[in-house]
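In what follows, a single structure is set out as structure tokens and then discussed.
The values are calculated or read from the model by the stated rules, or taken from the named source; none is laboratory data. For clarity, every value in this text was computed on a predicted model and none was experimentally measured. Glycine gets a Cβ as well: all are built from the backbone with ideal geometry, and neighbour counts include every protein chain shown.
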Amino acid sequence: MPQVNAQVSRIFNGEKVFDNDHNDSWAAGLSVSWNIFDNNVTSAQVQENEATLRRLQSVYEQTREKIELDVRKAYNNLIAAEKNILTTQTAVKQAEEEYKIAQVKYDEGVGTNLEVMDAQEKLTETQTNFFTALYDYNVSKAQLDKAMGVPIYIDVVLYDESVQNGKSADFALKNSILNDKSQRS
């Protein structure tokens with residue numbers, strides 16, 4: 001593109017510049033310069049900037065897709081962990097019943113001590129699986145929060161107690177949010 005420069009100047013001559021006893025003159029100038037041949041430097045800079053733009057758009061798209069994948073993966077893990085809790089909870093109830101039955105049989109002299117110990121071992125194993133499922137659920141929830149960029153700091157024990165006491169989930173959440181930064185670590 002052409003470059004245009006304009007300049008105006010006024011020159012005062014004489015012994016008393018601020019009185020009417022002086023000479024002044026004006027000068028004005030205009031210059032135009034246009035580099036017709038720049039050896040395609042401008043075109044190369046435009047192409048370079050366009051390539052940088054395309055690269056940044058590609059990086060943006062890759063980042064967006066990665067975030068979307070992380071969120072979907074974390075959500076699916078959360079759903080699977082939730083179903084696993086229900087399954088292991090049912091298994092715990094069944095193992096508790098089997099343990100009670102084995103104890104009653106033993107007390108009545110129909111069963112053996114080995115059956116009671118096996119039922120107790122199965123109960124302990126299913127309880128361990130249940131707590132592992134709860135742990136996996138909480139880890140999955142934290143991963144989903146992280147993938148979505150949601151910083152939530154809650155006291156899980158307070159939340160669980162509030163829900164079990166019949167409070168709504170919103171009320172329980174509001175009451176279990178940690179306000180003190182020292183509690184977050």
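All of (1) under 23 Å from the mean Cα position of the chain (by Cα); (2) surrounded by fewer than 11 Cβ atoms within 10 Å (Cβ to Cβ); (3) of a type outside the set (Gly, Ala, Ser) hold for ASN49 with one exception: (1). On the given criteria, is LYS122 part of a helix (DSSP H, G or I), modelled with pLDDT of 90 or more and touching a Gly at 6+ places or on another chain (Cβ under 9 Å)? It is false that LYS122 is part of a helix (DSSP H, G or I), modelled with pLDDT of 90 or more and touching a Gly at 6+ places or on another chain (Cβ under 9 Å). Scoring VAL41 on the criteria (1) modelled with pLDDT under 95; (2) under 23 Å from the mean Cα position of the chain (by Cα) leaves a single failure, condition (2). Going by what's in this entry, would ALA142 be described as at pLDDT 75 or above and either within 23 Å of ASN76 (Cα to Cα) or assigned to a helix (DSSP H, G or I) (or both)? Judged against the criteria, ALA142 is a match. Residue count for segment 33-79 under the criterion of being among the small types (Gly, Ala, Ser), part of a helix (DSSP H, G or I) and without any contact (Cβ under 8 Å) to a residue 60 or more places away in the chain: the result is 4. Across segment 145-158, the qualifying residues are those that are within 30 Å of GLU68 (Cβ to Cβ) and out of contact with any strand residue (DSSP E or B) (no Cβ under 9 Å at 6 or more places or on another chain), and the one among them that is modelled with the lowest pLDDT is PRO151.
Screening ASN35 against (1) of a type outside the set (Ser, Thr, Tyr); (2) loosely packed, with under 11 Cβ neighbours inside 10 Å; (3) under 24 Å from GLN3 (Cα atoms) leaves a single unmet condition, (2).
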